[in-house]
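For reference, the structure is listed below as structure tokens.
The values are calculated or read from the model by the stated rules, or taken from the named source; none is laboratory data. Note that the structure is a prediction, hence the values are computed from the model and not measured. All Cβ positions, even for glycine, are placed from backbone atoms using ideal geometry, and neighbour counts span all protein chains on display.
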Amino acid sequence: MQPTYNIPAHFGPNCRVWVFIGARPLDATEIQWANEQLSSFTATWQTHGKAMNATGFVFEKHALVIVANEEGVQASGCSMDKINHLVRQMGSELGIDFFARMNTLVKENEQWELAKFDPTESRHFVSASTKLLGELI
């Protein structure tokens, strides 16, 4: 059974996705804490005073992911800055750099593994440039 990552059913495959991949996997305690931080953030996240329809979660022990359904309200530059601030703060608390953009996750034998970006990669992969929800899961 494929995990759902708590993505609401009304979120379509073209939602906006932000992916921040760390240099090491998170342990169970860190995952729980990170999911709580992401949930708290997305519950109160706004752009120009309007609530964003968003969710956040830890993906496969390595990545912090925020997904926004922008059909009603689109994220602005300031609201995206809030994401970066949150992720930097979380990285500081966890001792992980989530802004090393060469980190990717590749799927090998049905498992997601940390790798460095390779433009010739032929396996399914997730990176900071992932744009669509369908690419992620």
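I need the full set of residues from region 62-72 which are touching a residue at least 40 places away in the same chain (Cβ under 8 Å) and surrounded by fewer than 19 Cβ atoms within 10 Å (Cβ to Cβ), in order please.
Hits for region 62-72 are Glu70, Glu71.
Could you please give the count of residues in region 1-16 that are out of contact with any Gly (no Cβ under 6 Å at 6 or more places or on another chain) and at pLDDT 70 or above?
Here the count works out to 9.
Within region 82-127, how many residues turn out to be among the hydrophobic types (A, V, I, L, M, F, W, C), in contact with a strand residue (DSSP E or B) (Cβ under 9 Å, 6 or more places away or on another chain) and either crowded, with 17+ Cβ neighbours inside 10 Å or in a helix (DSSP H, G or I) (or both)?
Going through region 82-127 one residue at a time, the tally reaches 12.
Scan region 24-34 for residues that are of a type outside the set (A, V, I, L, M) and outside any helix (DSSP H, G or I) and jot them down.
Passing the criteria: Arg24, Pro25, Asp27.
Is region 35-58 home to any residue that is buried (at least 19 other Cβ atoms within 10 Å of the Cβ), in a helix (DSSP H, G or I), under 11 Å from the mean Cα position of the chain (by Cα) and not β-branched (Val, Ile, Thr)?
Checked against the condition, which is being buried (at least 19 other Cβ atoms within 10 Å of the Cβ), in a helix (DSSP H, G or I), under 11 Å from the mean Cα position of the chain (by Cα) and not β-branched (Val, Ile, Thr), region 35-58 yields at least one hit.
If you check Phe20 against the conditions, is it in contact (Cβ under 8 Å) with a residue 12 or more places away in the chain, surrounded by fewer than 17 Cβ atoms within 10 Å (Cβ to Cβ), under 24 Å from Asp118 (Cα atoms) and of a type in the set (Phe, Trp, Tyr)?
no
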